[in-house]
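What follows is a set of notes on a single structure, which appears directly below.
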Amino acid sequence: MKVALNVRSFENRGGIGRYARALAQNLIAHYPNDFFYLFSNSDTDISFLPPGKNWKFVPLGGFSNRLLWERYSLAKAVNDLKPDIFHNPDYTVPHRIKAPCVVTVHDLSFKYFPGGVSLKARVLYNALTPQSVRKARLVIADSKFTKNEIIRAGWKSKSDIRVVHPGVNDTYFDQVPDDELNLVMKEYELEPGYILYLGALDKRKNITTLVQAYSQMKYKLKKVPRLVLAGEDIGAGSEITSLVLQLGIGDDVKRIGYIPPERLKAIYSCARIFVFPSHYEGFGLPPLEAMACGVPVIVSDKASLPEVVGDAGICASIDTAEGLAESMELLLTDKETHSELSRKGKIRAKTFTWRKVADEIMDVYKEIVE
């Protein structure tokens, strides 16, 4: 089978980029008898891809604007190639592409939770995703929740949507050497045992409720670990800073910014608990990665997060800060619950593998071709 992949999302530092990179790696590694053409900008980093004779990187010049690049540069190159399948793991499919198309839709936050999405993303995805979903032969959704959101939008019937849960990198299950942990802790000026949030700092992630819950718990318990907020600021940073100062907990809350992939495992592993109180997620990789590292997790009871965590974590109400504070207090004070969720989290995380993702997506390709 000859597969064309739009991998421009390799350049994305967030979850979509990690998804695209892991997918390409595993398709190439586990399907040596198929051939994969990877289309992107000429300066896209592909150094992480495994060596092999079953793939080729096709750098395309032309437009810097994504919409124009896909519509003209990408569409022409793919049509000239005449692949069996074209797949974009990032929402959009140019209408000019003639090959059978597959598109991955991670969530519909741009439609149903627009306040938590940047204006640029909101405009792009609202304009292009509906027609892309309609054009695609089959749509891949990250979760049952996202599948239902697509059906709710009226863009595709349920018979044409396949749910493929993203995976966890196998390395997350390996213990991090002590010298590496010490190095990372020194680099970020941290002490192990903190409460961790890791993800983008945007309004959709509901970090203000986490800060309020932390403040309530801090004034209730005698000793509370530091709250560490890791992630790139994409719109909520100033609001978080103002709230922290208003609550008088500036010395107890530390922001450490974007964490490169090679540091993620150590940052997770040194946490006492992981909290992810997001309003809206199509899947949510960070809680799963924390679970793989043996860190007990608390997530909101919204959107896809209960589907991801199952009974291996706490799904807390985020309607008020009190509910989240109670869940955090439980994991900090109840050693038995902490230990049990640490054990169950690892077991559940092992059921989400990128090899499984590659297999299920290849099944989608075959379903169309055959």
Centre separation in Å (Cα based) which lies between the range 5-20 and the range 305-326: 28
Residue 56-residue 340 FRET efficiency (beta carbon distance; Förster radius 45 Å; 0.05 resolution): 0.40
Gain upon complete extension [residue 42, residue 131; 0.36 nm per residue less C-alpha separation]: 29.3 nm
Shape category assigned to the range 1-91 from the gyration tensor of Cα positions, a/c cut at 1.5: oblate
Kirkwood hydrodynamic radius (C-alpha pairs) into Stokes-Einstein, the range 236-337, 4 °C and 1.567 mPa s, D in µm²/s: 88
Extension gain, residue 63 back to residue 233 (0.36 nm per residue minus Cα-Cα distance, nm): 58.5 nm
Whole-angstrom gap from the range 227-271 to the range 30-92, using each part's C-alpha centre: 35
Spin-label model distance (nm) - residue 322 vs residue 221, 7 Å beyond Cα toward Cβ: 1.9
Pair-distance profile P(r), taking every C-alpha pair of the range 170-349, with 10 angstrom steps and integer %: 10, 41, 39, 9, 0
Residue order, fewest to most surrounding Cβ atoms within 10 angstrom, among 31, 280: 31, 280
Around residue 289: net Lys/Arg minus Asp/Glu count, Cβ-Cβ under 10 Å: +2
The range 1-123 - charge dipole about Cα centre, Lys and Arg +1 at Cβ, Asp and Glu -1, debye rounded to 20: 240
Rg/Rh for the range 60-111, where both radii come from Cα atoms and Rh is the Kirkwood radius: 0.99
Residue-span extension gain [residue 81 to residue 356] - 0.36 nm each, minus C-alpha spacing: 96.2 nm
Relative contact order for the range 170-349, counting Cα pairs under 8 Å that sit 6 or more residues apart, in percent: 24
Value of [θ]222 nm, deg cm²/dmol, for the chain, DSSP H segments ≥ 4, -39500 (n - 2.57) each, nearest 500: -12500 deg cm²/dmol
Residues 125, 72, 37, sorted so that the one with the fewest Cβ neighbours within 10 Å comes first: 72, 37, 125
Relative contact order (%) - the chain, alpha-carbon pairs under 8 angstrom, separation at least six: 15
Packing-based exposure ordering (other Cβ within 10 Å, fewest first) of 151, 259, 361: 151, 259, 361
Euclidean distance of C-alpha centroids, the range 131-206 and the range 100-129, integer Å: 16
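All of the numbers you see were taken from the coordinates with simple rules; none came from a lab. Predicted, not measured: the structure shown is a model, and the values here were computed from it. Every residue, glycine as well, gets a Cβ built from its backbone with ideal geometry; the counts of neighbours run over all protein chains shown.
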